[in-house]
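Nothing in this text is a laboratory measurement; each read-out follows from the coordinates by a stated rule. Worth saying up front: this structure is predicted, and the values here are computed from it rather than measured. Cβ: placed from backbone, ideal geometry, glycine included. Neighbour counts: every protein chain shown.
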Amino acid sequence: MSKKAFASIDDLKAFVGQDPVFGAPITIDQSMIDAFAGVTGDHQWIHVDEERAAKESPYGSTIAHGLLSLSLITSWYNELFEYPGREMSLNYGFDKIRFIKPVPVNTKMVGGYQIARVEDVKDRVCRVYWKVSVGEPGADKPAIVGDWIMQMSY
């Protein structure tokens, strides 16, 4: 898959409202969940205790941390887009994140991206407002939706 290139702020603005693009599936397995738990200190049983989750969880298995699933948006973002001529890019934050449904262990997930708007900040600097989603390919609704803001300098 070739990356979508944005060589200027005008290129970003031209992409506003286009259909979303999706990255390649990533399987969230137990080793990924356990590693995330180790980094964040979030060892809640529903994420890391496979035996207990199989017996007591309404999902019948462990589930990924919502923040683990959300953090994968950077992986797909880097897979899908490139910025020739960009001087700098900063994660400016999120306006909204919603965790709509759980992600059971061993689920394949994809990230989706659509530019909602581009705001000029100052000469050669803009904020890009992305509509992002994380979900199973072909599912009726995503597991996560959000509004992600990146600030870029060209």
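For the pairs 55/101; 13/141; 101/131; 13/131, flag any whose C-alpha to C-alpha distance is greater than 22 Å.
Details: 55/101 20 Å; 13/141 27 Å; 101/131 18 Å; 13/131 14 Å.
Cα-Cα > 22 Å for 13/141; rest within.
A cut-off under 14 angstrom between Cβ atoms defines the neighbours of residue 5, and their net charge, with Lys, Arg +1 and Asp, Glu -1, is -1. From the alpha carbon centroid of region 1-49 to that of region 68-119 is 5 Å. For a label point 7 angstrom out from the Cα of residue 116 toward its Cβ, which stretches of region 68-97 have the backbone nitrogen within less than 12 Å? Residues 94-97 qualify, since their backbone N sits under 12 Å from the label point. Inter-label distance, residue 97 to residue 11: 2.8 nm, where each label sits 7 Å from its Cα along the C-beta direction.
Principal-axis analysis of the Cα atoms of the chain puts helix 30-40 at an angle of about 70° to the longest axis. Let me check I've understood the local charge: for residue 72, count other residues with C-beta under 14 angstrom from its C-beta, Lys and Arg +1, Asp and Glu -1. What total comes out? Neighbour charge sum, excluding residue 72 itself: -2. Of the residues 146, 9, 65, the one whose Cα sits farthest toward the positive end of the charge dipole of the chain, with +1 on the Cβ of Lys and Arg and -1 on the Cβ of Asp and Glu, is 9. Let a ≥ b ≥ c be the square roots of the eigenvalues of the Cα gyration tensor of region 4-153; is it rounded (a/c under 1.5), or, if not, prolate (a/b larger than b/c) or oblate? Verdict is prolate for region 4-153. For region 64-103, the residues whose amide N sits under 18 Å from a probe point set 7 Å from the Cα of residue 124 along the beta carbon direction are 83-90.
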